[in-house]
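Inspection log for the structure reproduced underneath, given as structure tokens.
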Amino acid sequence: KNPSKRMQGQPQEPPEPTSLDGRLNATILSCYDLPDDTHSTSQPKSVRMDCLGTFVETGPPLAKHKDGNSYKFHAGGKNSGDDDGSSALSLSAPLSMLYPVVATFRVTFDDSDDLIGQFQLDQLLVNETRWIILNLRPTSSSDEVIATGSSSSPTLRVKIRMEGPYRIEIAALLKTSEAYFSNIDKLSGSSQHIVQSMASLPAKFPSAKYLLVPAIPMAAFVVVASPVLLGLLALGLPFLFPLIVVLLSAVGGAVALGAGLYFSTKNGRNKIGMVVAPLITTVIRTSTGQRLMYETGDRPSPKSLFEAVLPTNDNDMASRLLVCLTIDMIGSSSYLLPIVGEAFDLTWAPIQALAVSAMFDHVMPSLKYIAFVEEILPFTDIIPSATMGWIRQYSPLLLDKAQEIVHDLTLVPQK
């Protein structure tokens, strides 16, 4: 095998990547249906990858295919490594500079025009591998038709991957989460052992079953006295209202804490992951998600994050209605805990305003302010601001559809 040639403007090694650099890796697999004017005696000299004023270059192909004027650069096969030494190309640069540019792949010849193909790098997902096929054209003219002697145009097969680190805050969050879940798993294993030990106590101490004797009459007394207790509670409700609010808040907090601890365990993570993982994957695969996770550009705005999660396609009428009803239901849920629930509005108001802005700014730009004000003010949560936006957008369409149906019905002949 011929060693790979590495060039950067001048014959020198490109700089080694730092922890903040991105890296573009490309493995040249093969090129197919090269022009006939290169003849069988003039094979490609190399394939060069140009990006950000820097280029790296392979050696000559390993072999020629039996059919057509096509050449193989990568050994392939089950026993070969991931990348052949003479076909693997790599460039390092800051990810924010590397991500938005175009990479040019050039098939070079000694005695004829080179062929080039281009690929926009922001089509890649960071840290995911893609196999691409590039159509090649002569360097002399972008519109020139190449005579290949076959029905196919010349192409280049490339395995390409862009690598880069997470943003600093994302990396810190992932590291913290890993440590937290590790501690929860250890605690869960210990508590499970304690529960199993307690479950085996009746077998170890048969006399413990006699504790059920006083428990039965006590339970019967509670059942019989419950109507009286409920009546007294109804009479004293005005006086006990502050205490009830505090108790309900404590119960709600305990339930939320218990749910958070359960979904932090391995079993809980598996269950919630079935619902959340597809959503997270969908968001990460968007341009907004890539900018959120990696240094591929400016950090996304809160509104763009909501646009990546919520249904913003105007044709998705049913999904948008469901989301609007859910937003208004969450906003009105503060009535379940009077006074205390109003404090929840301080958190939900900006979230609701951003969600409404992402969905309806192109229809009713002022609606986000209405949504914020009705949510932040006390006793106004009943106003369905998100659903109002849906009605504002789709009511003309629904009315036109209804008129068409009525018109069609009037044309039905009377029998």
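The values are calculated or read from the model by the stated rules, or taken from the named source; none is laboratory data. Being a predicted model, the structure only gives us computed values, none of them experimental. Quick reminder, even Gly has a Cβ in these numbers, built from the backbone with ideal geometry, and neighbours come from all protein chains shown. We work out accessible area using only protein heavy atoms, side chains counted, and drop any ligands, DNA or RNA first. Shrake-Rupley method; radii C 1.70, N 1.55, O 1.52, S 1.80 Å.
If a residue must be farther than 14 Å from VAL158 by Cα and part of a strand (DSSP E or B), how many such residues does the stretch 52-74 contain?
Of the residues in that region, 5 qualify.
Can you name the residue in the stretch 288-309 that is touching a residue at least 40 places away in the same chain (Cβ under 8 Å) and among the acidic types (Asp, Glu) and, of all such residues, is surrounded by the fewest Cβ atoms within 10 Å (Cβ to Cβ)?
Here the answer is GLU307.
Tell me, please, whether a residue that is closer than 23 Å to ILE168 by Cβ, in contact with a Lys or Arg (Cβ under 9 Å, 6 or more places away or on another chain) and at pLDDT 90 or above can be found in the stretch 282-292.
yes
Could you list all residues from the stretch 118-134 that are in a loop (DSSP other than H, G, I, E, B) and in contact with a Leu (Cβ under 8 Å, 6 or more places away or on another chain)?
Passing the criteria: only VAL126.
Name the residue that is modelled with the lowest pLDDT, counting only residues in the stretch 390-402 that are open to solvent by 70 Å² or more (accessible area, probe 1.4 Å) and under 17 Å from PRO311 (Cβ atoms).
LEU397
Could you tell me how many of the residues in the stretch 227-261 are open to solvent by 90 Å² or more (accessible area, probe 1.4 Å) and under 27 Å from ILE184 (Cβ atoms)?
Qualifying residue count for the region: 2.
Report, by residue number, each residue of the stretch 365-378 that is within 17 Å of PHE306 (Cα to Cα) and touching a residue at least 24 places away in the same chain (Cβ under 8 Å).
LEU367
Taking SER395, is it without any contact (Cβ under 8 Å) to a residue 24 or more places away in the chain and in contact with a Pro (Cβ under 8 Å, 6 or more places away or on another chain)?
So SER395 fails the test.
Could you tell me whether the stretch 392-409 includes any residue that is on the phi > 0 side of the Ramachandran plot and out of contact with any Ser or Thr (no Cβ under 8 Å at 6 or more places or on another chain)?
No; the residues of the stretch 392-409 include none that is on the phi > 0 side of the Ramachandran plot and out of contact with any Ser or Thr (no Cβ under 8 Å at 6 or more places or on another chain).
Kindly establish whether PRO365 is open to solvent by 30 Å² or more (accessible area, probe 1.4 Å) and at pLDDT 85 or above.
yes
Select from the stretch 262-282 the residues that are assigned to a helix (DSSP H, G or I), open to solvent by 80 Å² or more (accessible area, probe 1.4 Å) and under 17 Å from ILE184 (Cα atoms) and list them in ascending order.
TYR262, LYS266, ASN267, ASN270, LYS271
Can you tell me which residue among THR380, THR347, THR312, THR387 is closer than 27 Å to GLY253 by Cβ and surrounded by 13 or more Cβ atoms within 10 Å (Cβ to Cβ)?
Exactly one of THR380, THR347, THR312, THR387 is closer than 27 Å to GLY253 by Cβ and surrounded by 13 or more Cβ atoms within 10 Å (Cβ to Cβ), namely THR380.
For ASP328, state whether it is buried (at least 17 other Cβ atoms within 10 Å of the Cβ), in contact with an Asp or Glu (Cβ under 7 Å, 6 or more places away or on another chain) and touching a residue at least 24 places away in the same chain (Cβ under 8 Å).
no
Which residue is nearest to ARG299 (Cα to Cα), if the candidates are limited to the stretch 92-117 and must be open to solvent by less than 10 Å² (accessible area, probe 1.4 Å), in a strand (DSSP E or B) and of a type in the set (A, V, I, L, M)?
Here the residue is ALA103.
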